[in-house]
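The values are calculated or read from the model by the stated rules, or taken from the named source; none is laboratory data. Keep in mind it's a predicted model, so treat the numbers as computed, not measured. Every residue, glycine as well, gets a Cβ built from its backbone with ideal geometry; the counts of neighbours run over all protein chains shown.
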Amino acid sequence: MNTHLKQTFIFLAGFISTWSAFAQVTQTVLVEHFTNTRCSVCASRNPGFYNNLNAQSNVLHVAIHPSAPYSNCLLNQHNTAENDARTQFYGVYGSTPRLVIDGNTIPASSDYSNSNLFNAYLNKTSPISISVNLTETGNDITAKVVVKAVAAHTFTNLLISGFLVEELVNYAAPNREQQHHDVFRKGIFAMTGETFAAPANGDSIVFEKTINKNSTWVLNQIYAIITVQQPSKQSVQAAQSLKLTGSTGIGSVTKSPGVSPTIYPNPANNTLTININDNELTQVRMFDNSGKLIFEDTFTSEQAITTTNFPSGIYHIIIATKSGITSSKINILH
């Protein structure tokens with residue numbers, strides 16, 4: 001459960017990298033939350049967990065609804081096979097609520113409302129970065145995922161999993177929960193993960209998956225979460241896309257008063273400059289009008305982007321700092 005601003009920044013933070021082959025990137029935490037809309041224990045424990053989750057700055061969340069202990073859970077019945085398969089992947093099928101953080105199963109007796117719950121997983125780095133972009137075409141949603149090795153590592157084979165998630169589902173459940181956050185809707189990869197050979201330092205692997213849309217989904221609430229794990233299920237990295245808002249898949253971004261970049265000139269010809277009013281670590285991502293990511297970098301004060309080889313047209317720039325996030329449209333004109 002995250003606000004759109006927090007979710008989008010977490011997605012971007014998972015990419016923070018100089019694109020140098022020598023620097024690791026921040027590892028984003030993923031908590032997989034197994035819950036059930038007929039579980040009264042879930043209704044009593046989930047609010048404390050969500051308050052704890054919302055206080056974290058680098059944690060993604062997906063709510064998975066297994067058919068045990070209650071097979072008539074409405075959110076399970078939407079996609080029983082995949083909800084159950086992910087639950088069984090971790091061996092936690094049979095009781096709710098349960099948490100798995102970065103592939104580690106948390107004891108059911110743990111206090112989910114205690115901020116110490118996340119301490120062991122925060123402030124880590126990873127040699128792997130992930131980017132994920134969603135596009136919508138007709139009855140399909142396509143997820144393009146890029147897994148890049150940004151530093152030396154000893155990984156051989158890795159597992160990749162992915163989820164289409166609906167940010168907020170309003171449903172008056174039998175257990176009296178009214179709102180359901182980050183609800184898993186459809187798998188992007190096999191629910192037990194798909195094995196791939198880890199890329200060498202500096203190399204990337206691209207995955208492209210197409211998923212059929214479902215008429216019950218609120219599309220502007222749909223986004224993707226991707227996780228890469230070791231065969232032991234220990235997390236290597238996680239990342240989140242922007243939400244779908246139309247055919248571009250660029251997503252909507254709410255402007256934050258904490259981010260006030262100056263972007264000039266507009267229109268741009270050969271060079272575009274972004275200026276931030278302090279030395280805060282900042283990430284810039286630039287998309288063309290089809291939703292394709294064409295530029296990504298981090299900086300602390302000023303960033304110059306060479307646009308000579310970019311075709312004339314409208315481009316979307318997303319800028320994120322710890323203070324917030326903003327988006328702008330830029331015209332490149334040669």
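Here are the numbers for the structure shown:
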read-out: Condition met for residue 149 (exposed (fewer than 14 other Cβ atoms within 10 Å of the Cβ), in the same structural domain as residue 46 (by TED's automatic domain parsing) and farther than 25 Å from residue 36 by Cα); value: no
read-out: Scope the range 289-309; condition more than 19 Å from the chain's Cα centre (by Cα) and either part of a loop (DSSP other than H, G, I, E, B) or small (Gly, Ala, Ser) (or both); matching residues; value: 289, 290, 300, 301, 304, 307, 308, 309
read-out: Hits in the range 180-189 (condition: touching a residue at least 40 places away in the same chain (Cβ under 8 Å) and not acidic (Asp, Glu)); value: 180, 181, 183, 184, 185, 186, 187, 188
read-out: Residue match in the range 157-168 (condition: more than 21 Å from residue 235 (Cβ to Cβ), part of a strand (DSSP E or B) and either among the hydrophobic types (A, V, I, L, M, F, W, C) or more than 19 Å from the chain's Cα centre (by Cα) (or both)); value: yes
read-out: First in the range 207-224 and within 16 Å of residue 63 (Cβ to Cβ), second anywhere and of a type in the set (S, T, N, Q), Cβ under 8 Å, 6 or more apart; value: 223/7; 223/240; 223/241; 224/240; 224/241
read-out: Residue list for the range 231-261, restricted to those being out of contact with any Gly (no Cβ under 8 Å at 6 or more places or on another chain), surrounded by fewer than 20 Cβ atoms within 10 Å (Cβ to Cβ) and modelled with pLDDT of 85 or more; value: 231
read-out: Wholly within the range 81-147, strands (runs of 3 or more DSSP E) carrying at least 3 residues that are among the β-branched types (Val, Ile, Thr); value: 128-137
read-out: Residue list for the range 275-295, filter: within 17 Å of residue 25 (Cβ to Cβ) and either among the basic types (Lys, Arg) or in contact with a helix residue (DSSP H, G or I) (Cβ under 9 Å, 6 or more places away or on another chain) (or both); value: 283, 285
read-out: Residue in the range 33-40 that is modelled with pLDDT under 55, assigned by TED's automatic domain parsing to the domain that holds residue 220 and either surrounded by 16 or more Cβ atoms within 10 Å (Cβ to Cβ) or under 30 Å from residue 200 (Cβ atoms) (or both) present; value: no
